[in-house]
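Read the structure below first, then the notes.
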Amino acid sequence: MKKRLAMILALVIVASLALVGCGKGGSDKEALVGKWYGDIDITDMVNKEFMKGLGEDAKGLEGFKDLKMGISLEMREDGTYTLAMDEASVNAFMESAKVQTKEIMIAFMEKQLKDMGVEMSAEEAMKAAGISIDDMIDELFGAGGMDISDMVETMEGEYMIKDGKIHFGDGINKPEKVIPNPYKLAGSKLTIEADKVSETDSSLDFMFPLVLEKVK
């Protein structure tokens with residue numbers, strides 16, 4: 001489970017490199033310059049991966065709810081940008097995921113005990129086995145587990161608007177070498193759609209469309 005949860009956060013960071021796109025050509029650059037903020041809802045993805053890790057016995061269990069992380073994008077007039085996960089929202093995500101993981105694991109164990117005909121609570125069973133649910137959760141999310149400092153990264157580079165789309169360089173590749181994304185700009189709302197590669201990659205479904213609001 002530790003590897004699955006770490007993979008989910010890492011995928012958010014990696015997929016963020018291909019986040020952004022443009023719409024109506026160079027005339028939109030002025031409107032796009034500024035700071036944007038939005039949320040990435042990864043509830044469905046976490047449920048899918050976590051429940052997969054628990055196996056068939058997890059069927060019927062209530063999963064995670066309202067797991068979101070914030071992402072900010074700043075586009076500057078000089079053609080550079082900064083893209084970053086919001087650390088406060090990632091911390092909130094981790095705390096919520098920790099609490100909900102404990103609740104789901106207790107429900108999972110009690111379901112297994114019931115299926116085996118054992119009249120005992122999950123806490124009683126674990127205490128009898130010399131195991132602490134709190135220690136398990138702390139190990140998963142604490143030291144030696146998932147380090148959010150590795151997940152909260154800032155990415156910077158150059159962007160280029162061409163043919164109604166925007167290309168974001170990833171620090172290694174120049175803007176003209178990356179695949180651009182389309183977008184819809186309506187007032188202070190920027191809706192970013194998947195690029196041609198992401199459209200065929202179901203693992204990135206949780207990323208798109210991404211809705212950002214301009215920060216005043």
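The values are calculated or read from the model by the stated rules, or taken from the named source; none is laboratory data. Quick caveat: nothing in here was measured; it's all calculated off a predicted structure. Positions of Cβ are generated from backbone atoms using ideal geometry, with glycine treated the same way; all protein chains shown enter the neighbour counts. Surface areas here come from the heavy atoms of the whole protein model, side chains and all, with no ligands, DNA or RNA. Shrake-Rupley method; radii C 1.70, N 1.55, O 1.52, S 1.80 Å.
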Report summary line: From the cross-link list Lys48/Lys214; Lys29/Lys177; Lys48/Lys111, the entries with a Cα-Cα span beyond 23 Å are Lys48/Lys214
Report summary line: Taking only the alpha-carbon positions of the stretch 97-144 as identical scatterers, the Debye log10 I(q)/I(0) at q = 0.31 Å⁻¹ comes out as -1.14
Report task. Apply the Debye scattering formula to the stretch 17-131, with a single equal point scatterer on each alpha-carbon and no solvent, then give log10 I(q)/I(0) at q = 0.14, 0.17, 0.19 Å⁻¹. Result -> -0.73, -0.90, -1.02
Query raised in the report: How long is the gain from Thr154 to Glu123 if the chain were fully straight, where each residue apart is worth 0.36 nm and the alpha carbon distance is subtracted?
Result: 7.1 nm
Report task. Count charges around Met69 for me, please; just the other residues with Cβ under 11 Å from its Cβ, Lys/Arg as +1, Asp/Glu as -1. Result -> -3
Report summary line: Taking a ≥ b ≥ c as the square roots of the Cα gyration tensor eigenvalues, with a/c under 1.5 meaning rounded and otherwise prolate when a/b beats b/c or oblate if not, the stretch 24-79 comes out prolate
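Per the Kirkwood definition applied to all pairs of different Cα atoms, how many angstroms is the hydrodynamic radius of the stretch 63-144? Don't skip to the end; give the middle numbers.
Working: mean 1/r = 0.0641 Å⁻¹.
Mean inverse Cα-Cα distance, inverted, gives 15.6 Å.
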**Report entry** Tyr37 accessible area, assembled protein chains, probe 1.4 Å, Å²
**Finding:** 80
